[in-house]
Every structure is written in C-alpha cells, then in structure tokens.
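Trainee: This is the structure, below, for whatever I ask next.
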Amino acid sequence: MSAFLCSDRVIQLIALWATRKFPGRFDYRAADKAAGALHAANCASLTDRYGMTSFDPAPRVTASDMMALKFEPACVLKQIDCYEYQTMDWSSYEGSEAARFVRAARAAAIRALPGYEEAPWGMA
C-alpha cells in the first residue's frame with residue numbers, strides 16, 4: 001500500500017478525540033494545536049518516504065467540527081490506525097507530539113466503547 005495525506009476530517013476527528021476532557025466538553029484551541037501536529041507528522045512521513053515537499057495547509061478545528069465526535073469509537077479507532085499507517089515512515093514519529101495526541105485519542109475511544117466502564121478492573 002502507498003501512503004497518503006489524510007483528509008482534514010480524519011485529522012480533525014483524531015484531534016478532537018485526543019483533546020476532549022470528557023463527553024461534551026472540548027478545548028478547541030488544544031484541538032486546533034493537535035490538528036497542526038498531526039498534519040505536520042503526516043507531511044513529514046510523506047517527505048521521508050516520497051520526497052514530497054508541497055502540502056495543503058493544516059486543517060483548523062472549530063466548534064462546528066463537533067459532529068466528528070458523533071462517530072462510534074470503533075470508527076475512531078479505525079481512523080487512528082489509518083493515520084498511523086500514513087505516518088509510520090517518519091523516523092521521529094514515535095517521540096513526537098502527534099504520537100502523543102494519537103495515544104490520547106486511542107485511549108479516549110477505548111474508554112468510550114460500549115461496556116468498557118462496566119467491565120471489571122482486574123479479575124481474580
């Protein structure tokens with residue numbers, strides 16, 4: 001498979017899930033910063049892999065992007081997997097700000113899975 005620049009929607013979705021404090025509460029400035037970092041990492045990966053140097057600007061995140069949070073957690077997790085595949089060629093990805101945002105989004109999506117909160121913590 002070849003890598004590509006993820007859509008604005010994918011970047012916005014991950015950024016919003018990475019920065020949400022709890023369902024229904026958002027910090028749009030933090031999400032906007034996350035979107036910039038996610039976009040930059042995706043671009044860096046394409047530069048490392050293909051030598052590309054020209055990209056569209058990073059997407060902005062605003063209150064109107066709240067609809068992204070209506071996606072089911074499984075969809076969010078799938079978009080995160082897609083995004084990580086597109087960025088895995090950047091040698092600095094693992095320690096990057098983008099990777100931290102991705103880990104936060106993944107954790108938020110997992111916690112939002114049906115039955116997660118009711119499941120036991122540890123088992124005898």
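Trainee: Restricting the stretch 48-58 to residues that are closer than 16 Å to Ser2 by Cβ and free of Cβ contacts under 8 Å to residues at least 40 places away in the same chain, which is surrounded by the most Cβ atoms within 10 Å (Cβ to Cβ)?
Mentor: That would be Met52.
Trainee: Of all residues being modelled with pLDDT of 95 or more and hydrophobic (A, V, I, L, M, F, W, C) in the stretch 77-94, which is nearest to Ser45 (Cα to Cα)? Just the residue, please.
Mentor: So the residue we want is Cys82.
Trainee: Restricting to the stretch 36-65, and then to whatever is part of a loop (DSSP other than H, G, I, E, B) and of a type in the set (A, V, I, L, M), can you tell me which residue is modelled with the lowest pLDDT? Talk me through it step by step, then tell me what you get.
Mentor: Step one: list which residues in the stretch 36-65 are part of a loop (DSSP other than H, G, I, E, B), which gives 51-62.
Restricting the remaining residues to those that are of a type in the set (A, V, I, L, M) gives 52, 58, 61.
Values: Met52: 90, Ala58: 90, Val61: 84.
Top of the filtered list is Val61.
Trainee: A follow-up question, please. Scan (1) modelled with pLDDT of 90 or more; (2) in a helix (DSSP H, G or I) for the single condition Ala68 breaks and write down its number.
Mentor: (1)
Trainee: If you check every pair at least six apart or on different chains, which have Cβ atoms under 7 Å apart with a residue in the stretch 101-124 that is touching a residue at least 40 places away in the same chain (Cβ under 8 Å) first and a residue that is surrounded by 14 or more Cβ atoms within 10 Å (Cβ to Cβ) and in a loop (DSSP other than H, G, I, E, B) second?
Mentor: As it stands, the answer is Ala108/Arg20, since those pairs meet every condition given.
Trainee: On to the next question. Restricted to the stretch 68-77, and to residues that are surrounded by 14 or more Cβ atoms within 10 Å (Cβ to Cβ) and of a type outside the set (Gly, Ala, Ser), which residue is nearest to Asp27 (Cα to Cα)?
Mentor: The selected residue is Leu69.
Trainee: Something else about it: For the subset of the stretch 81-124 comprising residues that are of a type in the set (Val, Ile, Thr) and surrounded by 15 or more Cβ atoms within 10 Å (Cβ to Cβ), which member is nearest to Ala30 (Cα to Cα)? Working first, answer last.
Mentor: Residues of the stretch 81-124 of a type in the set (Val, Ile, Thr): 87, 102, 110.
Now drop any that are not surrounded by 15 or more Cβ atoms within 10 Å (Cβ to Cβ), which leaves 87, 102.
On the way: Thr87: 21, Val102: 13 Å.
This residue is Val102.
The values are calculated or read from the model by the stated rules, or taken from the named source; none is laboratory data. This is a predicted model, so every value here is computed, not measured. Glycine also receives a Cβ, built like all others from the backbone with ideal geometry; neighbour counts cover every protein chain displayed.
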